[in-house]
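The values are calculated or read from the model by the stated rules, or taken from the named source; none is laboratory data. Quantities reported herein were computed from a predicted structural model and do not represent experimental measurements. Counting neighbours? That spans all protein chains shown, and the Cβs are built from the backbone with ideal geometry, glycine included. Calculation scope for accessible area: heavy atoms of the full protein, side chains included, ligands and nucleic acids excluded. Shrake-Rupley method; radii C 1.70, N 1.55, O 1.52, S 1.80 Å.
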Amino acid sequence: MSFLLVCLVPSISWAALKHTVVAGETLYELSRRYGITVEALQAANGLNGHLIYPGQTLIIPGPAKAQPARNTVVTSNNTRAGANRYTVRPGDSLYGIAQRYGVGVQALKQANNLASDLIFPGQVLIIPGGTTRVSPDRQVSRGETDGARAVLAKAVSLLGKPYAYGGSGPGAFDCSGFTSYVFREAAGISLPHNAAAQARLGTRVGRDDLSPGDLVFFSYYGSGGIDHVGIYVGQDRFIHASSSQGVKYSSLNESYYAANYKGATRILR
């Protein structure tokens with residue numbers, strides 16, 4: 001008599017995590033946070049490129065575990081005396097963290113050997129200067145936060161729209177037409193359809209003090225005036241209506257924009 005031994009092996013399926021995108025996040029940052037590849041994220045979510053937007057829900061495939069993102073300060077024996085640590089949360093910026101702890105952005109960058117303002121959720125930052133505790137966000141009300149989020153969400157929803165000289169939406173835009181349309185639709189704020197005129201509104205903001213929702217201005221190939229405007233989204237990036245590629249993300253650190261940067265204003269209060 002022969003016996004047939006059947007080995008039943010249960011199939012293994014990993015419960016996929018879900019992540020809701022916040023302003024300023026990128027596929028690269030999320031792949032680092034969850035310990036997976038950008039390609040795996042793209043495949044799991046049917047993405048053909050790297051574009052993601054605030055409010056989008058992404059499937060995180062595989063046995064991924066997110067790094068902790070708690071709003072806590074932990075005194076560490078591994079850091080130099082008199083320094084605390086802060087774990088970055090989604091939506092945090094160096095400017096916001098600096099305000100919260102009463103330190104300068106440059107001091108934060110030097111303490112953490114950062115070459116740029118880029119930070120990502122789960123990253124642990126050294127907070128220099130004594131035993132400062134977390135305090136409520138200063139100078140930022142709930143309404144301000146919601147206003148900036150609404151402006152960014154509206155701006156992101158228009159990515160890919162074509163450029164048209166004099167265009168003020170919703171099908172096509174020039175640079176100031178784009179910013180005026182976004183602020184009107186998202187925040188009920190009327191801005192003139194002119195970059196130089198927009199630069200005369202609001203409160204002037206230094207480069208190190210930029211916050212999402214601020215307007216950033218540029219000259220044209222070294223000219224003295226203001227010829228271009230975009231909306232700052234965080235981590236040195238802004239959204240604008242580019243004459244060559246339409247509504248898109250760009251970086252303040254790109255050579256052209258770095259050389260022609262003319263300052264920023266804060267419209268949202």
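Under 17 Å from a label point 7 Å along Cα→Cβ of Ala196: give me every residue in the range 233-269 with its amide N that close. Hits in the range 233-269 for Ala196 at 17 Å: 261-264.
Here each label is just a point 7 Å from Cα along the line to Cβ, and for Tyr28 and Leu51 those points are 1.9 nm apart. Across the range 210-216, coupling constants 3J(HN,Hα) worked out from phi with the 6.51/-1.76/1.60 Karplus curve, θ = phi - 60°, read 4, 9, x, x, 5, 8, 10 Hz, and Gly and Pro carry x. In this label model, Ala164 and Arg207 are separated by 3.6 nm, measuring between points 7 Å along each Cα→Cβ vector.
Listed by chain and number, the lysines whose alpha-carbon sits under 28 Å from that of Lys18, ignoring those within fewer than 8 places in the same chain, are Lys65, Lys154, Lys248. The figure for Tyr220 is an accessible area of roughly 140 square angstrom, using a 1.4 Å probe on the protein chains alone.
Less than 5 angstrom separates the built amide H of Val205 from those of Ala264, Thr265, Arg266, all sequence-distant by 5 or more or on a different chain. The heavy atoms of Leu114 present about 40 square angstrom of accessible area, all protein chains included, probe 1.4 Å. Taking amide H as placed 1.01 Å from N in the peptide plane, Ser242 has its amide H under 5 Å from the amide H of Val247, Lys248, each at least 5 places away in sequence or on another chain.
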